[in-house]
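Structure first, commentary second.
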Amino acid sequence: MTLEDRGPGPDAIYREELLAGRFTVQTCGDCGQSSFPPRVFCKHCGSAALTRVEASGDGVVYSTSAVRNRPDKGGDHNIALVDLAEGVRLLTRVDGAGPTEVPIGARVKARIVGGDVPHVVFDLVKE
Amino acid sequence: MTHHELRGASAVVGVGLAGCGEAPGRTAMELIGSAAWNAVTDAGLKMTDIDGVFGVSAVHGMPSVTISEYLGIKPSYSDGSMIGGSSNVAHILQATMAIRAGLCSTALVIYGSNQKSASGKLVSSAAEFNPYEQPYKPRFPITAYALAAARHMHQFGTTRQQLAEVAVAARGWANLNPEAYMHGPLSIDDVLNARMVCDPFGLFDCCLVTDGAGALVVVGRDRAKDFPKKPVYFLGGGMAHWHRSIMQMPDITVTAASESGPRAFEMAGMEPADIDVLELYDAFTINTILFLEDLGFCPKGEGGRFVEGGRIAPGGSLPVNTNGGGLSCVHPGMYGTFILVEAIRQLRGEAGDRQAKGAETAIVHGNGGVLSSQVTSIFGTEATL
């Protein structure tokens, strides 16, 4: 048995899904763990039985930093690591929150932005 | 205790630096050439005696080949493995294996960069495009380390004051080192009040961007005493890496140094209490805290409290980063070379005002990428063989 090696790969398919408004992660049919970013076999157990599932979008802030920039270079902005309910972690940002206003442990929800270059950001969930 | 075949199998018999700080008008390869010449001369050798080259560069895609050509060396074995700032620390292990296997006999381990004079900012072939990070505009590599620091603070109560202790200790050592780029007083308040770069890091939590090159000459144990300077023996080495991108690091408060360290200690037949002087890759203040924990000098989560009260500063109980570190001495993009050179000088007793008294053993811990590749080496004097 060999892996498929022609046609759109997991990376291209992920982007097509994002363009269509779906944020997906891969789940392993053998070990049950999830992988992100997309890959051709499971990073946890090596199985090729990966399937794409639409992510819940539910996450928790694992860590955060404020990147400081001069105003003429776009000003300060936040960066966050977010743990998704599916068990994967993303480097991302939290929209609608100031550069230093992203609490570690806060609940967040995913949203796709970026038009032609779609990417996933998060919003703070109002408790 | 099993005696690992690589324990004591090689010795460093020459070290050299060049262009540390600022070297305007010099190319990266000219700095590399000068450091190589200084190290080879320190060993009482000629460049044509070198038959093994282990080199990296921030700008050369085939570094060991380009470096060998420039130095006029036709090596019987060479390696340009690029694993970030820890590369040269790994090369010490690789040179030891190659010498042991008879593939070469006299190895040069080397790195250099002119990035301060050439560009004024970090130049790194490791800053590759990642479509899963780029849209969010992190500042490579600072943001990744800042995220680790923020999480460490959240999880263990580490404070910015404790991070500042690391920077203040490094400056204290730099003030004793005439070759350090930064000199002058630096207080906890100076660190806390500096311009923020990437929270929780201000300017003084971040390493310098300097020029500089460094080189070491490594030979087999059987020849270690044939050279003018006191040999410093390789006692143990270990490497580990778990991730390349910070989002793939399982727990950003625990680095792979927690594996590379024990591997090196096991080979050396030693434990942290046996180490006299520590040279830990301090690209950022959190690094020193993480590596003190992960190498076993204090429990996980206690690093911040451990460094309080000047414990790792001159006059403290544990000499750490005695050249002034990447924070205050030199940091030309990849710093592993410079902690190796400092450890050798300490064990030779050549460190002047910053000499750790009676040091017989040293640990060198290299770090690459974003807390990614971790490489530990342990060295000792003849008394430790």
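The values are calculated or read from the model by the stated rules, or taken from the named source; none is laboratory data. Quick caveat: nothing in here was measured; it's all calculated off a predicted structure. Neighbour counts run over all protein chains shown; Cβ positions are idealised from the backbone, glycine included. Heads up: the accessible areas ignore ligands, DNA and RNA and are worked out on the full protein's heavy atoms, side chains in. Shrake-Rupley method; radii C 1.70, N 1.55, O 1.52, S 1.80 Å.
On the given criteria, is A:Leu81 of a type outside the set (Asp, Glu), more than 27 Å from A:Glu127 (Cβ to Cβ) and touching a strand residue (DSSP E or B) at 6+ places or on another chain (Cβ under 7 Å)?
Working: of a type outside the set (Asp, Glu): yes; more than 27 Å from A:Glu127 (Cβ to Cβ): no; touching a strand residue (DSSP E or B) at 6+ places or on another chain (Cβ under 7 Å): yes.
Taking the combined requirement at face value, the residue does not satisfy it.
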Looking at (1) in a helix (DSSP H, G or I); (2) in contact with a strand residue (DSSP E or B) (Cβ under 6 Å, 6 or more places away or on another chain); (3) open to solvent by 40 Å² or more (accessible area, probe 1.4 Å), find the lone condition where B:Val65 falls short. (2)
Residues located in region A:78-98, provided they are among the polar types (S, T, N, Q) and either closer than 24 Å to B:Arg195 by Cβ or away from chain B (no Cβ under 11 Å) (or both): A:Asn78
From the list B:Gly120, B:Gly84, B:Gly112, exactly one residue is among the small types (Gly, Ala, Ser) and open to solvent by 40 Å² or more (accessible area, probe 1.4 Å). Which is it? B:Gly120
Restricting attention to region B:142-186, report how many residues are open to solvent by 20 Å² or more (accessible area, probe 1.4 Å), away from chain A (no Cβ under 14 Å) and either of a type in the set (Lys, Arg) or under 29 Å from A:Ile79 (Cα atoms) (or both). 4
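Return the only residue of B:Val197, B:Val219, B:Val209 being open to solvent by less than 10 Å² (accessible area, probe 1.4 Å) and either more than 14 Å from chain A (Cβ to nearest Cβ) or in a strand (DSSP E or B) (or both). So that I can check it myself, show each step before the final result.
Values: B:Val197 fails: open to solvent by less than 10 Å² (accessible area, probe 1.4 Å); B:Val209 fails: open to solvent by less than 10 Å² (accessible area, probe 1.4 Å).
Within the list B:Val197, B:Val219, B:Val209, the selection yields B:Val219.
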Those residues that are surrounded by fewer than 24 Cβ atoms within 10 Å (Cβ to Cβ) and in contact (Cβ under 8 Å) with a residue 40 or more places away in the chain, I need them from region B:41-57; list them, please. B:Asp42, B:Gly44, B:Leu45, B:Asp49, B:Asp51
When you scan region B:290-309, do you find a residue that is surrounded by 18 or more Cβ atoms within 10 Å (Cβ to Cβ), among the β-branched types (Val, Ile, Thr) and in contact with a Phe, Trp or Tyr (Cβ under 9 Å, 6 or more places away or on another chain), even just one? no
Does region B:248-271 hold any residues that are without any contact (Cβ under 8 Å) to a residue 40 or more places away in the chain and over 18 Å from the mean Cα position of the chain (by Cα), and which are they? B:Gln248, B:Pro250, B:Asp251, B:Glu271
All positions within region B:222-258 that are more than 14 Å from chain A (Cβ to nearest Cβ), part of a helix (DSSP H, G or I) and either farther than 21 Å from B:Ala95 by Cα or of a type in the set (Gly, Ala, Ser) (or both): B:Ala224, B:Ala257, B:Ser258
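Determine, yes or no, whether A:Pro103 is more than 8 Å from chain B (Cβ to nearest Cβ), closer than 23 Å to B:Ala148 by Cβ and in contact (Cβ under 8 Å) with a residue 24 or more places away in the chain.
On the way: more than 8 Å from chain B (Cβ to nearest Cβ): yes; closer than 23 Å to B:Ala148 by Cβ: yes; in contact (Cβ under 8 Å) with a residue 24 or more places away in the chain: yes.
Against the criterion (more than 8 Å from chain B (Cβ to nearest Cβ), closer than 23 Å to B:Ala148 by Cβ and in contact (Cβ under 8 Å) with a residue 24 or more places away in the chain), A:Pro103 qualifies.
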Top-ranked residue in region B:247-289 [being surrounded by 22 or more Cβ atoms within 10 Å (Cβ to Cβ) and of a type in the set (Asp, Glu); ranked as nearest to B:Gly303 (Cα to Cα)]: B:Asp282
Identify, please: which residue in region A:113-127 is assigned to a strand (DSSP E or B) and more than 11 Å from every other protein chain (Cβ to nearest Cβ) and is, among those, surrounded by the most Cβ atoms within 10 Å (Cβ to Cβ)? A:Leu124
Report, by residue number, each residue of region B:339-368 that is in contact with a helix residue (DSSP H, G or I) (Cβ under 8 Å, 6 or more places away or on another chain) and over 21 Å from B:Asp294 (Cα atoms). B:Ala351, B:Arg354, B:Gln355, B:Ala356, B:Ala359, B:Glu360
Given the conditions (1) open to solvent by 20 Å² or more (accessible area, probe 1.4 Å); (2) in contact with a helix residue (DSSP H, G or I) (Cβ under 8 Å, 6 or more places away or on another chain), which single one is not true for B:Gly102? (2)
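Tell me, which residue of region A:1-42 that is part of a loop (DSSP other than H, G, I, E, B) and open to solvent by 90 Å² or more (accessible area, probe 1.4 Å) is farthest from A:Lys109 (Cα to Cα)? Spell out the reasoning first.
The initial filter retains those residues of region A:1-42 that are part of a loop (DSSP other than H, G, I, E, B), namely A:1-9, A:20-23, A:29-33, A:36-42.
After this cut, where a residue has to be open to solvent by 90 Å² or more (accessible area, probe 1.4 Å) as well, the list is A:1-2, A:4-6, A:22, A:30, A:41.
On the way: A:Met1: 39, A:Thr2: 37, A:Glu4: 34, A:Asp5: 34, A:Arg6: 34, A:Arg22: 14, A:Asp30: 28, A:Phe41: 27 Å.
Checking each candidate, the answer is A:Met1.
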Answer residue from region A:43-77, given it is surrounded by fewer than 14 Cβ atoms within 10 Å (Cβ to Cβ) and part of a strand (DSSP E or B) and is farthest from the other protein chains (Cβ to nearest Cβ) among those: A:Thr51
